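Some notes on the structure that comes next.
The values are calculated or read from the model by the stated rules, or taken from the named source; none is laboratory data. Computed from a predicted model, the values in this text were never measured in an experiment. No Cβ is skipped: glycine too gets one built from the backbone with ideal geometry, and neighbour counts run over all protein chains shown.
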Amino acid sequence: MPWYREGKVAITAGQTTVTGTGTNFAVNSRVGDAFQGPDGRRYEVTNIASATVLSILPAYQGPTVAAGAYVIEPVHGYPKALTDSFREVNAQWGTTLAGLGAVSTEDVVPLAKGGTDATTAAQARTNLGLGTAATATLQSSGYDSSAGAVLKMGAFGLGAGMLLPPGNNFDGITTTGFYTGNGSTTGRPPQVGAAQSYLQHWQHSNPAYACQEFFQLGTGSIKYARSKFNGVWGSWDLQQYNENINAVMNQEIAGIKTFTGSQLRYRGPTPGLWCEDSTSNIGGIWMVLAGGSFQFQHRLSGFGGSAGVSPLYFNLADKFASFAYSLQSGIDNGLTNGAPNRRWSVVYAGSGVINTSDAREKTEVAALSSGEISAAKLLSKEIGTYRWLKVVEEKGDAARHHVGLTVQRAIEIMTSCGLDPMIYGFICYDKWDAVDEVVQVTRLGRVYVKATDEAPEYTVMEDVEESAASPDTGTFWEFTHEQVTVITEGVEAGDRYSFRTDELNMFIAAGLQANQEALEARLAALEAST
């Protein structure tokens with residue numbers, strides 16, 4: 001074996017410790033090897049502490065050196081090499097071999113020890129509980145329907161991207177599955193042309209019978225269906241076109257259905273929606289659009305019966321609602337009618353407004369102070385006539401005169417009398433933020449039939465949406481213009497002062513009463529002096 005002399009060593013005279021630089025004593029030396037130091041003497045290696053430190057005996061007899069040459073002479077020879085080789089094998093495989101235990105001596109390893117307890121493949125599969133799938137053959141292709149074949153991922157369009165049909169022809173499919181079509185696929189509905197598509201095929205056990213559903217890619221919910229009878233495919237029938245549902249008969253749809261499209265359209269002379277409580281005998285409500293009037297009719301004898309005497313309807317042309325029902329708030333004293341920036345122009349009523357004045361809901365009524373009486377008297381003197389500026393702009397001198405006073409002047413008078421005007425309920429001030437206008441833009445056009453050799457092009461309808469056309473039946477749509485409809489009118493930010501006139505009148509009446517009492521007192525005094 002070669003002697004080891006890598007690097008340099010440092011040794012102090014009279015010491016047993018050898019310190020190496022660039023050495024690897026741990027790998028290349030053993031206890032008992034001979035160490036020939038820089039002084040040329042031989043020493044016994046008694047300990048190897050690390051790759052750079054070992055110990056010798058006897059103590060170093062030469063002079064101290066900092067970087068001297070050395071040699072380590074293996075004295076064990078071939079036994080040492082064998083020991084080193086075994087050490088490497090034991091380090092790598094010792095734990096594994098120990099873990100085998102008795103398995104290493106057995107001809108047939110039992111199941112309990114991780115074996116198969118068998119000497120043949122068939123018996124091993126049986127012992128391991130493997131069924132026939134362990135020896136089944138994979139499909140030769142995604143269309144392979146051989147008995148016993150194991151399906152590949154994506155076979156018949158399952159678990160992965162769908163396949164083109166065999167021969168790229170929908171007519172030739174003979175196995176149930178999901179398929180895709182491209183511009184070259186044959187057997188598609190003639191109405192769709194060379195469109196990308198999906199197809200679902202249901203195959204009967206008799207190859208002469210099957211049915212298919214075809215979905216056109218990127219066109220909403222266009223769907224066609226057909227069936228094969230006695231080996232002959234029937235024609236493709238349109239099931240859905242865009243978001244319109246084409247019903248060919250009366251149908252009942254049970255359960256809760258959610259329509260996720262942006263619009264649900266009813267078309268006809270008097271399109272409507274019927275709502276009926278099947279647990280009650282009160283009839284039903286018919287929501288119908290008739291002659292520009294959207295009506296809620298109470299049908300007394302069920303669907304199709306006669307309308308009740310009190311329908312609720314909204315006239316779309318004249319913008320009014322009419323009904324013969326009592327209108328009440330859903331929350332007691334919790335809702336307003338109108339808003340500072342959404343006022344009613346006129347309220348017609350057969351009698352006045354009834355305001356709650358129940359002593360059980362009020363504090364004790366206190367007498368007006370002298371300042372309040374003074375303000376009330378002054379307010380009575382402000383009563384005069386006025387006209388609305390907006391009406392004057394519209395009608396000029398024909399604008400009508402109204403009687404009253406302004407809130408701003410009332411505030412000035414109340415303040416001059418030492419009163420805070422805003423703590424009185426008859427003085428109101430409201431402020432609001434701007435409200436953006438909300439509009440709906442509808443694309444309109446004409447529906448037409450294309451020219452043929454026998455007839456020129458002609459228009460069927462105008463000012464209609466694209467859904468009114470049906471290319472499958474020969475009618476097409478052409479855009480002409482947009483219609484903008486204001487859904488919610490915009491309102492500029494602003495503020496407004498208002499009176500509760502019933503309270504204002506009460507306040508002024510108290511001032512008039514005080515004047516009356518003062519006059520009566522003076523008259524009484526004059527009469528007493530005569």
Every residue from segment 383-393 that is exposed (fewer than 10 other Cβ atoms within 10 Å of the Cβ) and either aromatic (Phe, Trp, Tyr) or over 18 Å from Gln408 (Cβ atoms) (or both): Glu393
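Tell me whether segment 157-175 contains one or more residues that are among the small types (Gly, Ala, Ser), surrounded by 18 or more Cβ atoms within 10 Å (Cβ to Cβ) and modelled with pLDDT of 85 or more.
no
Specify which of the listed residues (Glu482, Glu454, Glu462, Glu478) is closer than 30 Å to Trp236 by Cα, charged (D, E, K, R) and assigned to a strand (DSSP E or B).
Step by step, each of Glu482, Glu454, Glu462, Glu478 is checked, and only Glu478 is closer than 30 Å to Trp236 by Cα, charged (D, E, K, R) and assigned to a strand (DSSP E or B).
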Of Tyr313, Tyr386, Tyr325, the only residue that is more than 39 Å from the chain's Cα centre (by Cα), at pLDDT below 90 and under 30 Å from Glu489 (Cβ atoms) is Tyr325
Can you tell me how many residues within segment 389-422 are over 55 Å from the mean Cα position of the chain (by Cα) and touching a residue at least 60 places away in the same chain (Cβ under 8 Å)? 1
Flagged in segment 48-67 as outside any loop (DSSP other than H, G, I, E, B) and over 16 Å from Gly20 (Cα atoms), in numbering order, are Leu57
Would you tally the residues in segment 370-421 being within 20 Å of Ser498 (Cβ to Cβ), not in a helix (DSSP H, G or I) and not hydrophobic (A, V, I, L, M, F, W, C)? 11
For the structure I just gave you, tell me whether Gly474 is loosely packed, with under 13 Cβ neighbours inside 10 Å and at pLDDT 85 or above. no
So which residues in segment 489-530 are closer than 21 Å to Gly404 by Cα and part of a loop (DSSP other than H, G, I, E, B), if there are any at all? Arg500
Kindly evaluate Ala451 against the criterion of being modelled with pLDDT under 95, of a type outside the set (Val, Ile, Thr) and buried (at least 16 other Cβ atoms within 10 Å of the Cβ). no
Can you list residue pairs whose Cβ atoms sit under 7 Å apart, with the first residue in segment 466-483 being farther than 21 Å from Gln440 by Cα and the second being modelled with pLDDT under 80? Count only pairs 6 or more apart in sequence or on different chains. Ser470/Tyr241; Asp472/Gln191; Asp472/Leu238; Asp472/Tyr241
How many residues does segment 341-383 hold that are closer than 18 Å to Cys417 by Cα and either acidic (Asp, Glu) or within 59 Å of the chain's Cα centre (by Cα) (or both)? 2
When you check Thr485 against the structure, is it surrounded by 11 or more Cβ atoms within 10 Å (Cβ to Cβ) and of a type in the set (S, T, N, Q), yes or no? no
So which residues in segment 20-47 are surrounded by fewer than 18 Cβ atoms within 10 Å (Cβ to Cβ) and in a strand (DSSP E or B), if there are any at all? Thr21, Ala34, Gln36, Arg42, Glu44, Thr46, Asn47
Options Tyr429, Tyr458: the member that is over 26 Å from Thr488 (Cα atoms), in contact with a strand residue (DSSP E or B) (Cβ under 7 Å, 6 or more places away or on another chain) and not assigned by TED's automatic domain parsing to the domain that holds Ala376: Tyr458
Members of segment 394-431 found to be surrounded by 12 or more Cβ atoms within 10 Å (Cβ to Cβ), over 29 Å from Glu372 (Cα atoms) and either of a type in the set (A, V, I, L, M) or modelled with pLDDT under 95 (or both), listed by number: Ala399
I'd like to check something: does segment 49-67 contain any residue that is surrounded by 18 or more Cβ atoms within 10 Å (Cβ to Cβ) and touching a helix residue (DSSP H, G or I) at 6+ places or on another chain (Cβ under 8 Å)? yes
Considering only segment 183-195, I want to know if a residue exists there that is outside any loop (DSSP other than H, G, I, E, B) and either at pLDDT 75 or above or in contact with a Phe, Trp or Tyr (Cβ under 8 Å, 6 or more places away or on another chain) (or both). yes
Of all residues making up segment 9-19, the number that are surrounded by fewer than 18 Cβ atoms within 10 Å (Cβ to Cβ) and either touching a Pro at 6+ places or on another chain (Cβ under 9 Å) or part of a loop (DSSP other than H, G, I, E, B) (or both): 5
